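Colleague: A single structure is presented below for examination.
The values are calculated or read from the model by the stated rules, or taken from the named source; none is laboratory data. Since we're looking at a predicted model, the values are computed, not measured. Please note: Cβ atoms are built from the backbone with ideal geometry, for glycine as well, and neighbour counts cover all protein chains shown. We work out accessible area using only protein heavy atoms, side chains counted, and drop any ligands, DNA or RNA first. Shrake-Rupley method; radii C 1.70, N 1.55, O 1.52, S 1.80 Å.
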Amino acid sequence: MLQILLHNNDILRLVQIQKMMIKELNCDGEVYIQNYPLWIDADILGKDKDLSGELSKEELKIITKKIKSLRIEKPFYNAQKKSFYNTVTFFTADNKELTSTLLILKKYKGKKNPPEKDNAWSSGFPMDIKTFRIGLSAVNQFSKKGFLYSIKDFVWSAFKN
């Protein structure tokens with residue numbers, strides 16, 4: 001899978017927002033947990049490539065040149081999946097808007113839906129991303145209980161103002 005990995009400063013901002021959300025939402029038997037790693041699925045950018053194999057760094061650079069800007073919108077609650085997501089919009093060089101999602105919080109236990117109102121953590125959005133990495137992820141089973149996720153190769157990209 002093609003993944004966007006954010007710059008450490010942007011990850012820090014998202015982790016701080018996760019903490020604010022957890023502090024506000026975890027009450028009255030409701031328990032939310034943070035999602036990590038905060039990778040954005042970007043398969044939509046490589047739809048003309050075979051993403052099941054390997055991509056060279058040159059091919060990854062070509063994909064990054066397709067992206068003109070990248071924006072993360074405020075979190076929304078998906079009641080079906082019992083999770084909070086951010087919509088991620090890729091603005092491409094050919095003036096298209098492609099969207100993906102970023103899983104930010106998962107409900108661990110509880111039955112109530114969160115209140116539908118703007119919260120303190122909504123004020124940090126939209127986030128315009130300036131620097132990121134793009135690469136192919138690999139999933140390797142490392143135990144009976146979990147998986148190890150890794151990025152094989154990646155390239156950095158930064159938008160010029």
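Colleague: Say whether the condition of being within 19 Å of S150 (Cα to Cα), touching a residue at least 24 places away in the same chain (Cβ under 8 Å) and acidic (D, E) is met by at least one residue in the stretch 10-21.
Modeller: no
Colleague: Scan the stretch 117-128 and report the pairs whose first residue is within 17 Å of R71 (Cβ to Cβ) and acidic (D, E) and whose second residue is open to solvent by less than 30 Å² (accessible area, probe 1.4 Å) and not in a loop (DSSP other than H, G, I, E, B), with Cβ atoms within less than 8 Å and a gap of 6+ or a chain change.
Modeller: Listed pairs, sorted by first residue: D128/L70.
Colleague: Oh, and also: For the stretch 1-94, give me every one of the strands (runs of 3 or more DSSP E) that falls completely inside it and has 1 or more residues that are aromatic (F, W, Y) and open to solvent by 20 Å² or more (accessible area, probe 1.4 Å).
Modeller: Those strands (runs of 3 or more DSSP E) span 39-41, 67-78, 83-92.
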